[in-house]
1. Grab the DSSP H runs of the chain that are 4 residues or longer, score each as -39,500 (n - 2.57), total them, divide by all residues and round the 222 nm result to the nearest 500 deg cm²/dmol.
2. Using the Kirkwood radius over Cα pairs, work out the Stokes-Einstein diffusion coefficient for region 2-112 at 20 °C and 1.002 mPa s, in µm²/s as a whole number.
3. Restricted to Cα positions, what overall size does region 151-241 have along the principal axes? Three whole-Å values, descending.
4. Please give the peptides 376-387, 232-243 ranked by average Cβ packing (other Cβ atoms within 10 Å per residue), highest first, as a rough proxy for protection.
5. Once fully extended, how much extra length lies between residue 182 and residue 314, figured as 0.36 nm per residue of separation less the alpha-carbon to alpha-carbon distance?
6. Could you line up 419, 362 from fewest to most neighbouring Cβ atoms inside 10 Å?
7. Where the convex hull is taken over the Cα atoms of region 259-458, what is its projected area averaged over directions, in nm²?
8. Please compute, for the alpha-carbon atoms of region 232-307, the extent along each of the three principal axes and give them in descending order in Å.
């Protein structure tokens, strides 16, 4: 067999393959054997029909077609290996010549991973937010904890800001009560700004047994976005009391003995959160800078598959769980369909570019993934999926997704190499040391996981058919 590669563009090639007929013999033998098991000829036992009889009765062409279909994947794979190619997806195969006893010739066009030149990333400089925790931040954190330990007491007076009410709601549109516009026993804190616009003004000043009617735009349900006449009945009023901020509260709400110790711990936790956010911000900005430096061509079919996958996941998983369709989502986001499609394409392009360039870095830096690293990554993924580690691991193995997880960890390590080489400063001009951070692998997943979905779809079936 001999083959040649023609580059049609940076992400697509045409393979031209010529196979001497003698190399088809194993497939011809297999074709005769298969046909032997499928047909019956009088005077011959099943499976013992001579080849010449099969040719006479069923035609040599049927045998050749069966043999070629059997042989094509093998010869295509050999040609790919000879050309040192990384194909994406199923090739388009065209048999250009088939001379019985002489030659089989075919062409195969297929998308390939582009050849990427890794740019010099040592000069990347990015700026991130400084890690600063103010006294106000600490007070707000402690106040949020205090809110969780608030108590309520029934009162016989008019509702005021901060009170917790039990209410019944009824919404009408065009004078008709909506089927999903009735709710009873709803707990609502006056002044929280939740539920519906105008409800705070309507219930303030009402006692238990009082009612009011107001107009508001519905935020969800069958009549989302429409103006509705809403009747609210107050069935109970409770005052909300917060505990005193003292050492007794610290002992109630935490493992600390004093309020000062509680505040010190809150400050420490806030600093850790801000450091994590800072590391994530650094990784994202370094990645953006790397992508801006590199020239990464994208196969159009892979891009279209990725866009389709992302849109499907949004509509059939995320939005479905929220009880929304795409039109409702776009209205909430205040986006047109054109703006949504443009953003989706931009995100898909970034995801694919991220995967391509980080995979190239993995090869260049000869990065490997240890069992411990893979296990830690699997534990994180299991936690984010809501599955137990054992369940997630079983699903990964059964779905043949172990190589994909290995790729995710490797890409995370590749990004860590770039981040380490970059100069990262905070808004105060201080150099940020990210050596202690280990969240890089988790951060890069946001881009690479989604790209993997599109590539997985493109690589689902690489066997050519005649």
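1. On the way: 15 runs with 225 residues, N = 466.
For the chain, the value works out to -16000 deg cm²/dmol.
2. Numbers: Rh = 15.3 Å.
My calculation gives 140 µm²/s for D.
3. Its Cα atoms span 38, 22, 18 Å along the three principal axes.
4. Sorting 376-387, 232-243 by mean packing, highest first, produces 232-243, 376-387.
5. Working: separation 132, 0.36 × 132 = 47.52 nm, distance 2.93 nm.
Additional length available on full extension: 44.6 nm.
6. Ordered by Cβ neighbours within 10 Å, fewest first: 362, 419.
7. The directionally averaged projection comes out at 15.2 nm².
8. Largest to smallest, the principal-axis extents are 63, 44, 16 Å.
Where a number appears in this text, it was derived from the coordinates with a stated rule and is not lab data. Since this is a predicted model, take the numbers as computed values, not measurements. So basically every Cβ, Gly included, is an ideal-geometry build from the backbone, and we count neighbours across all protein chains shown.
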